[in-house]
Structure formats: structure tokens, C-alpha cells
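Data block below; observations after.
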Amino acid sequence: MDYTTLLLQFVFFPGFLFTAVVGLVTSWIDRKVTARVQMRVGPPFLQPFYDIIKLMFKETIIPSGSPRLLFLSAPLLGLSGATLASFILWRILLNPGQSFMGDLIVLLYLLTLPAVAAILGSFASQNPLASLGGSREMKLIIAYELPFVLALLVPIIKAQSMRLGEILAFGSLLPSASGVLALIVSILCMQAKLTLVPFDLPEAETELTGGAFIEYSGPPLGLFKLTKAMMLFILPMFLVCVFWGGIHFAGGWNSMLLGFLKYIALIVIIVLIRNTAPRVRIDQAVTFFWGPVTGMSVIAILLAFWGW
Amino acid sequence: MSLAINVLTRSLNVFHLGGSACNNCDIEILDTLTPKYDLERFGIVLVGSIRHADLILLSGIFNKKSASRARLLYEQAPKPVVVVAVGGCACTGGMFRGSYNWDHPVKDYIPIDAFLPGCPPKPEAMISAVVKLIHTLRGKKQ
């Protein structure tokens with residue numbers, strides 16, 4: 001494949017533009033369902049697009065004494081990580097033959113980049129509340145990455161492969177007990193990866209007033225918000241691919257609709273957890289992820305080894 | 001009307017700057033975000049950081065000490081930013097006008113786009129003021 005086609009794919013479909021639009025629509029669903037749960041009407045359909053476009057026209061303020069390059073490049077780092085993850089995932093989903101050895105590990109690293117970008121940005125902004133948000137984000141990464149990686153071992157053991165294409169070909173893991181346990185573990189880790197309630201410690205509107213992003217304004221803030229919306233699309237899609245058989249485009253409309261419903265089901269679970277749980281403390285979050293959640297993922301691995 | 005103004009009026013992020021208000025205005029401001037009035041219909045949400053603000057909401061009196069701080073916060077907000085004074089105190093000084101710690105009305109420190117008198121103004125009055133403000137903002141750039 002020549003580089004022009006690849007670049008066009010990266011910018012439009014299935015890369016940046018596609019992920020951004022679907023991610024923003026998903027974030028509208030999140031806000032609308034949240035509003036309906038609280039008996040409100042909620043924002044109009046194009047609200048996330050207005051928010052992002054408005055920020056593109058605002059002034060960018062760089063705090064005095066902060067490293068300019070790092071402060072401005074952190075949002076770009078997060079955005080490029082999310083875009084690349086979505087690009088690789090969708091290329092394999094559309095054509096499983098394009099899977100390469102260890103693409104699961106590449107995706108795992110790329111999905112961590114937005115959180116790393118938030119940490120870099122918060123420490124570059126020279127604000128005590130931002131530093132607090134950054135340090136919480138760092139502890140949260142240490143907490144959730146362990147059970148998340150352990151849960152991803154289950155499909156690797158089942159499919160006997162590190163290639164996403166072969167895991168997709170293996171199909172859904174849900175009939176097995178280990179698959180169900182691993183999916184529950186990874187849903188909890190996904191909630192923390194998206195920094196949504198009850199694990200929204202790095203932002204914590206009520207105590208850190210925006211936390212890691214407190215000093216960001218204008219286009220860089222817009223890029224951070226866009227990255228968050230894109231992650232809301234990529235992460236559930238990643239889980240659907242790894243644990244739930246993915247979306248099959250070859251099998252006609254019915255199988256495509258089924259794949260889409262799986263994605264919607266995960267979004268509904270995320271929104272319901274977000275609307276019914278209070279925020280936890282950082283020590284509670286670490287204890288939760290390293291205790292019961294890691295225990296569950298270890299049990300899932302053992303069950304997978306025994307063929308359950 | 002330019003695209004910048006169009007999207008700004010559709011997505012106003014409000015930063016609430018309380019200048020030692022008696023809490024009546026604050027309660028009525030929060031009322032507009034409750035299910036009954038729900039200003040998120042128009043894309044209006046509260047934010048915690050001045051860097052995320054498009055609209056600064058002033059309530060209470062700004063006295064000799066706090067008025068300069070309010071000015072500092074206004075300068076830290078990313079432009080374009082809209083300023084609204086809510087309640088009699090923020091508009092004119094109210095019953096505290098002329099007291100020992102009061103110097104000038106806050107409009108002498110910060111350029112204010114809309115005055116919303118009342119003690120406190122009702123949520124309906126606030127929503128009406130927001131609608132008028134949005135119309136004015138759109139009309140300005142025609």
C-alpha cells in the first residue's frame with residue numbers, strides 16, 4: 001500500500017476524522033443519558049461539536065514560568081496516541097489480514113498515551129492543583145494497568161496468539177467463565193482509564209476544579225476534550241474486539257447491527273456506573289484495583305488455563 | 001454573525017465569582033441548573049477554573065480588597081469573555097453602597113456586558129437575561 005492512501009486513511013477514515021466525529025456523538029449520548037437520569041432535558045445533539053469549535057477560537061494562555069514546548073505539545077501527544085490506536089484497531093477490524101505480531105501490545109501502549117499526556121501537561125502548568133491532579137493520574141495508571149494487562153492475558157491464552165486478527169477470528173469469549181470475569185475486570189479498568197466517576201480523581205471538579213487541565217485554555221484544552229471523547233469511542237470498541245468477538249463487516253447487516261449493539265451495551269454500562277457511584281479516594285482506588293480486581297483477573301487466568 | 005460568536009453563544013461555560021455575597025443570588029444561580037430550568041439545554045455549564053470560562057458571573061459586593069482580585073481574575077480569563085453582574089449588590093453596591101469598605105461599583109474595575117438587578121433575581125429573570133445577552137452578542141457582529 002502506498003503512503004498517500006495510508007495518510008488519507010489516517011486523517012479521514014478510519015483515522016482522526018471518523019474517530020473524532022463518532023467520539024463526540026458518543027459523548028453527547030453520555031451527556032444526554034446523564035441528563036435524562038437526573039430528570040433534565042439535556043444538551044442538543046451538536047453540543048459537543050459547539051464546545052470543541054468554540055475552544056478553537058479562544059485565546060491560549062501559557063502560565064508564566066512553564067515550559068512552553070511541553071505545555072503545548074502534551075495535548076498533541078495524547079491526541080496522536082488516541083488517533084493511532086483507533087487507526088490500528090479499525091484497520092484490523094475491517095481487514096483481519098492486516099494484523100501483525102504483537103499488535104495487542106502496541107494498542108495497550110497507545111491507549112495509555114492520553115493519560116501520560118495529561119500527566120505531562122499538568123506538571124508543565126506550574127499549578128499546585130494541576131500537580132495534585134497529575135500525581136493522582138499517575139497513581140491511577142499504576143493501579144489499573146496491572147489488572148487490565150492480566151485481563152488481556154485471557155483472550156491471548158484462549159486464542160493462543162498475540163495477534164488481534166486471530167483473537168477476532170477466535171470469536172466471543174463470553175460463553176466461558178474466564179471470559180466473563182475478564183470482561184468485568186476490564187470494564188472497571190476502562191472506567192478508570194476514561195477518568196469517569198467513580199475514578200475521576202485527576203479532574204475532580206468539586207475539589208481540584210479541573211485538576212490536570214486547570215491551566216489549559218483555548219485550542220489545547222479543546223484537544224484534551226477531543227482526546228477524551230475519542231477514548232470514549234476507542235476503549236469500548238477495543239473491549240468488544242478483544243472479549244466479545246468484534247464487529248463482522250463481511251456477514252451482512254445483521255452481524256454489523258449485532259456488533260454495534262455490543263458497543264452500545266458497554267456505553268450504557270459506563271454511563272450507568274458514572275451516574276450511580278460517588279467518587280472514591282485515591283488510596284481506595286489503588287486498594288480496589290490491586291486487591292479484588294487483580295484477584296478476579298488472576299482467577300480468570302487460572303480458569304482460562306484449565307480450559308473453562 | 002461570525003462562526004466564533006455563533007459557537008460562543010451556543011456553548012457558554014460559566015465561572016461563578018462570588019464576592020462575599022449573602023448566598024441568595026448564589027442559590028438562585030444554582031437553581032437555573034436544576035432539573036426544573038436546566039440551562040444545559042442551551043449548552044450552559046458551570047466550570048471550576050477561570051481558564052475554562054466564557055462568561056464570568058459576579059455576585060455580591062466587591063469591596064476595597066476584593067475588587068482588585070476580581071480585576072486580576074478577569075485578566076486571567078481567555079478572551080473573548082462575557083461578564084454579567086447578578087443581583088443588586090454586584091450592579092450598584094446595593095445596601096452596602098457607601099459603607100466603610102466599599103469604594104466603587106464593580107463596573108469601574110471590570111467592563112460588564114449585562115446587569116441583572118434584583119435581590120435576588122428569579123431564575124426566570126436570569127434565563128431571560130441570558131437570552132437577551134445571546135441576542136445582543138449575535139447582533140453586535142452583524
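Every number here is computed from the coordinates shown, using simple stated rules; none is lab data. Quantities reported herein were computed from a predicted structural model and do not represent experimental measurements. Glycine also receives a Cβ, built like all others from the backbone with ideal geometry; neighbour counts cover every protein chain displayed.
Against the main long axis of the alpha-carbon atoms of chain A, helix A:294-305 sits at an angle near 20°. Mean projected area of the Cα convex hull of chain B, taken over all directions, amounts to 7.9 nm². Each Lys and Arg adds +1 at its Cβ and each Asp and Glu adds -1 at its Cβ; summed about the Cα centre, chain A shows a dipole of about 440 debye. Springs between Cα atoms under 10 Å define the GNM used for chain A, and in it the highest mean-square fluctuation of A:13, A:87, A:238 occurs at A:13. Normalising the average separation of contacting C-alpha pairs (under 8 angstrom, six or more residues apart) by the number of residues puts the relative contact order of chain B at 28 percent.
Global size of the protein assembly as shown: 24.3, 82 Å for Rg and Dmax (C-alpha atoms, Rg to one decimal, Dmax whole). Contact order for chain A, expressed relative to its length and based on alpha carbon pairs under 8 Å spaced 6+ residues apart, stands at 27 percent. DSSP loop (so not H, G, I, E, B), at most 10 other Cβ within 10 Å: list which chymotrypsin sites (Phe, Trp or Tyr not before Pro) in segment B:1-105 pass both filters. Loop-located and lightly packed - B:100. Quick one: among A:116, A:106, A:240, which has the greatest mean-square fluctuation in a GNM of chain A with alpha-carbon springs under 10 angstrom? Result: A:106 has the largest fluctuation of those listed.
In the structure shown, the pairs A:32/A:262; A:228/B:122; A:228/A:262; A:32/B:132 are assessed against 29 Å; a Cα-Cα span above that value is assigned to A:228/B:122.
Using a Gaussian network model of chain A in which every pair of alpha carbons under 10 angstrom is joined by a spring, one finds that among A:50, A:216, A:263 the greatest mean-square fluctuation is at A:50. I need the shape label for segment A:131-222. Rule: rounded when a/c is under 1.5, else prolate if a/b > b/c, else oblate, with a, b, c from the alpha carbon gyration tensor. Prolate is the answer for segment A:131-222, as a/c is 1.5 or above and a/b outweighs b/c. Put in order of Cβ neighbour count within 10 Å, fewest first, the listed residues B:22, A:241, B:91 become B:22, B:91, A:241.
Counting only other chain Cβ atoms within 10 Å of each residue's Cβ, the peptide B:33-40 averages 4.
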